[in-house]
Amino acid sequence: MERMLKAARASGSLNLSNRSLKEVPDDVYKSLDAVGEGENWWEAVELQKLILAHNDIELLKEDIRNLPMLSVLNISHNKLSHLPAAIGELKSLKSLDVSSNLLHEIPEEIGSVTSLIKFDCSNNQLKDLPSSLGNCQDLSDLKATNNGLINLPEDLSNCSKMLKLDLEGNKLTVLSEKLVGSWTSLTELNAAKNTLNGIPESIGGLSRLIRLDLHQNRISVIPSSIMGCSLLAEFYIGNNFLTSIPAETGKLTNLGTLDLHSNKLKEYPVEACRLKLSVLDLSNNSLSSLPPEIGLMTTLRRLVLTGNPIRTLRSSLVTGPTPALLRFLRSRLPAEEESGTTSESKEKVIVMASRLSLASKELSLGGHGLSVVPPQVWETSDITKVDLSRNTIEDLPVELSSCASLETLILSRNKIKMWPSAILKSLQHLVCLKLDINPLKQIPSDGFEAASNLQILDLSGNAGCLPEYPAFSSLMQLQELYLRRMQIPEVRVDIISLPKLRILDMSQNSIQLIPEGFKNVTSLQELRFSDNNISALPAELGLLEPTLQVLQLDGNPLRSIRRTILDRGTKAILSYLKDRLPNQ
């Protein structure tokens, strides 16, 4: 043990897992006070990582306060019945794992650990979580599975950086509108095996959600707002009380897995046949037939239909290979429909979109294979948002010039080659322009002057399109700039000079140097340089603390900063850089 403690004083890390410990050795709590003979006290470091998992520890003493530099504490799979109040004095703690113990409560003092990013309290006997947990505003990963939670404290709405939330296996009856609406950064939400009776409408605000698991609850309705979860790739809602699914589900264009097994579905909507699914589980429902349009879902690798009273299909088709079933369903379509979107159906889509634009002031024609936009869609010039993404458009319709109220123009994934200066000059209220993933040629040197009020600009995936210096100086209102995958070798001075820039994403380029000039961009909140060729960071970047909340550097050959610091995230990196500045 002494040898391990000595090594811990040199490395700052101590792993005592799987040692059949009944208690935490007292010398662990003593930290640097236990420096022994033959050790130089000035070379010793404070304990930062303590792993005590898989033992028989029944008590964590209040002496834990003697380890103020702890950033990781794992005491999972022990026999703790309570946590000491002193846990709240660990001001540097970022990761706390107390899972698989005998805890009945988490002390309110946990709210004092405002640095906490990851918290796992799964497999205990908790009936609630402390409301003070809402003070941990950096919390992004919360796991509380297999407890007895009846509800969640509303103060968790303060945790707006929440990315992953796992609540499986509790007794929750509701997820409140306020809570779900506040977690707009969520990428994963698991509330399976609870007693939820519904999904809040605010689910539609989770535009970054990738995985949603709500299986084995008591949900009877999926709100139409689900269409707002535009990045959703996996949706599990089997073993509930659904009798139908909304047509808006068909707008989840990134959905690959849809599990609807063991519900009470009587039909599968035609609109959802547009999905590019790999897996669709409709087993154990009340389906008596299937829309033949499912046959057009050629991306399906697995379609499960067993346990349904389907009378229109032979049992050998239902239980047989998916490709054979899809071929059969396609054979039941009218000949023109089998070949894809017909001109008639496309015309219906266009007519419907133009009608909807009259009331909503938004024209949405994304993903319909349009090479031109028919003039008849421009029934109003009061449109504020136009989405023409994921088409094959080469030239913008001249009718756009008359949309003087237009604020947002989305042209992503088309075939636009020329910068539309003439049209942009007439759009004086345009604040958002997305032209990512087009074969865009070089923008004229005065091209940005035509859109000087832009606040959001996305040119990602258009290598060689940037205009010559100092074109970005025309965009003094710009707040978000996305320049991913553009083979850019350096950060331009005119970009650094943008006074209101909050988000800059230059990931996946060939940048080797981050300029010192970033210290003057005091409005920056997110700076993304993943997957470049950066080997060193300027110490001046530390001056952006605390405004800069996100600094992404993964995928770079960084040598000037230790991996342990990089792994601790943005705040640790900025603090380290700031400490290296002279006269600091």
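The values are calculated or read from the model by the stated rules, or taken from the named source; none is laboratory data. This one's a predicted model, so the numbers in the text were calculated from it and none came from an experiment. Using ideal geometry, Cβ is built from the backbone for each residue, glycine included, and neighbour counts are taken over all protein chains shown. Calculation scope for accessible area: heavy atoms of the full protein, side chains included, ligands and nucleic acids excluded. Shrake-Rupley method; radii C 1.70, N 1.55, O 1.52, S 1.80 Å.
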Point to revise | Filter result for residue 224 (surrounded by fewer than 17 Cβ atoms within 10 Å (Cβ to Cβ) and touching a residue at least 40 places away in the same chain (Cβ under 8 Å)) | key: no
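Yes or no, residue by residue, for (1) farther than 24 Å from residue 401 by Cα; (2) touching a His at 6+ places or on another chain (Cβ under 9 Å); (3) open to solvent by less than 40 Å² (accessible area, probe 1.4 Å):
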site	(1), (2), (3)
451	no, no, yes
495	yes, no, yes
512	yes, no, no
524	yes, no, yes
527	yes, no, yes
542	yes, no, yes
Exercise for review: Might you check whether a residue that is touching a helix residue (DSSP H, G or I) at 6+ places or on another chain (Cβ under 9 Å), farther than 19 Å from residue 51 by Cα, modelled with pLDDT of 95 or more and buried (at least 20 other Cβ atoms within 10 Å of the Cβ) occurs anywhere in segment 70-83?
Suggested key: no
Check your understanding: Restricting to segment 239-251, what's the tally of residues that are at pLDDT 95 or above and of a type outside the set (S, T, N, Q)?
Key -> 2
Exercise for review: Can you work out which of the residues in segment 148-166 that are in contact with a Ser or Thr (Cβ under 8 Å, 6 or more places away or on another chain) and closer than 17 Å to residue 194 by Cα is surrounded by the most Cβ atoms within 10 Å (Cβ to Cβ)?
Suggested key: 152
Study note, to complete from the structure: Considering segment 249-262, residues that are open to solvent by 10 Å² or more (accessible area, probe 1.4 Å) and among the polar types (S, T, N, Q), and then whichever is farthest from residue 224 (Cα to Cα), we arrive at 262
Practice item. Consider only pairs whose beta carbons are under 7 Å apart and that are at least six residues apart or on different chains; among these, list those whose first residue lies in segment 1-30 and is surrounded by 17 or more Cβ atoms within 10 Å (Cβ to Cβ) and whose second residue is assigned to a loop (DSSP other than H, G, I, E, B) and of a type in the set (Gly, Ala, Ser). Key: 9/44
**Study point:** Conditions (1) open to solvent by 20 Å² or more (accessible area, probe 1.4 Å); (2) within 23 Å of residue 497 (Cα to Cα); (3) of a type outside the set (Gly, Ala, Ser): number failed by residue 439
**Key:** (2)
Review point. For segment 187-213, what are the residues that are polar (S, T, N, Q), crowded, with 20+ Cβ neighbours inside 10 Å and over 23 Å from residue 253 (Cβ atoms)?
Key: 194
Review point. Applying the selection to segment 111-143, what residues are open to solvent by less than 40 Å² (accessible area, probe 1.4 Å), of a type in the set (A, V, I, L, M), out of contact with any strand residue (DSSP E or B) (no Cβ under 6 Å at 6 or more places or on another chain) and more than 16 Å from residue 80 (Cα to Cα)?
Key: 113, 116, 129, 133, 139
Study note, to complete from the structure: Of (1) at pLDDT below 95; (2) within 23 Å of residue 101 (Cβ to Cβ), residue 148 satisfies every one except (1)
Check your understanding: What tally of residues in segment 226-279 results from selecting those that are assigned to a loop (DSSP other than H, G, I, E, B) and over 15 Å from residue 192 (Cβ atoms)?
Key -> 24
Review point. In segment 302-334, how many residues are touching a strand residue (DSSP E or B) at 6+ places or on another chain (Cβ under 7 Å) and assigned to a loop (DSSP other than H, G, I, E, B)?
Key: 0
Review point. In segment 230-276, what count of residues is obtained for those that are basic (Lys, Arg) and within 15 Å of residue 217 (Cβ to Cβ)?
Key: 1
Review point. Just wondering, is there one or more residues in segment 214-221 that are within 18 Å of residue 183 (Cα to Cα) and surrounded by 16 or more Cβ atoms within 10 Å (Cβ to Cβ)?
Key: yes
Practice item. Consider residue 313 carefully, then state whether it is at negative phi, under 27 Å from the mean Cα position of the chain (by Cα) and either open to solvent by 60 Å² or more (accessible area, probe 1.4 Å) or of a type outside the set (Lys, Arg) (or both). Key: no
Practice item. Please tell me if residue 563 is open to solvent by 40 Å² or more (accessible area, probe 1.4 Å), over 24 Å from residue 458 (Cα atoms) and either hydroxyl-bearing (Ser, Thr, Tyr) or free of Cβ contacts under 8 Å to residues at least 24 places away in the same chain (or both). Key: yes
**Study point:** Members of segment 453-464 that are without any contact (Cβ under 8 Å) to a residue 40 or more places away in the chain, under 17 Å from residue 488 (Cβ atoms) and open to solvent by less than 10 Å² (accessible area, probe 1.4 Å)
**Key:** 457, 459, 462
Practice item. Report yes if some residue within segment 501-508 is open to solvent by 30 Å² or more (accessible area, probe 1.4 Å), out of contact with any strand residue (DSSP E or B) (no Cβ under 7 Å at 6 or more places or on another chain) and either over 23 Å from residue 447 (Cβ atoms) or aromatic (Phe, Trp, Tyr) (or both); otherwise report no. Key: yes
Point to revise | Residue satisfying all of: in segment 282-301; closer than 13 Å to residue 327 by Cβ and outside any loop (DSSP other than H, G, I, E, B); most open to solvent (accessible area, probe 1.4 Å) among these | key: 296
Revision key, fill the gap. Of the listed residues (190, 197, 217, 135), the one being of a type outside the set (Val, Ile, Thr), touching a residue at least 12 places away in the same chain (Cβ under 8 Å) and over 21 Å from residue 263 (Cα atoms) is 135
Practice item. Give the residues of segment 566-584 that are surrounded by fewer than 14 Cβ atoms within 10 Å (Cβ to Cβ) and either touching a helix residue (DSSP H, G or I) at 6+ places or on another chain (Cβ under 7 Å) or closer than 17 Å to residue 138 by Cβ (or both), sorted by residue number. Key: 567, 584
Review point. Restricted to segment 473-485, and to residues that are open to solvent by less than 10 Å² (accessible area, probe 1.4 Å) and touching a Ser or Thr at 6+ places or on another chain (Cβ under 7 Å), which residue is nearest to residue 460 (Cα to Cα)?
Key: 483
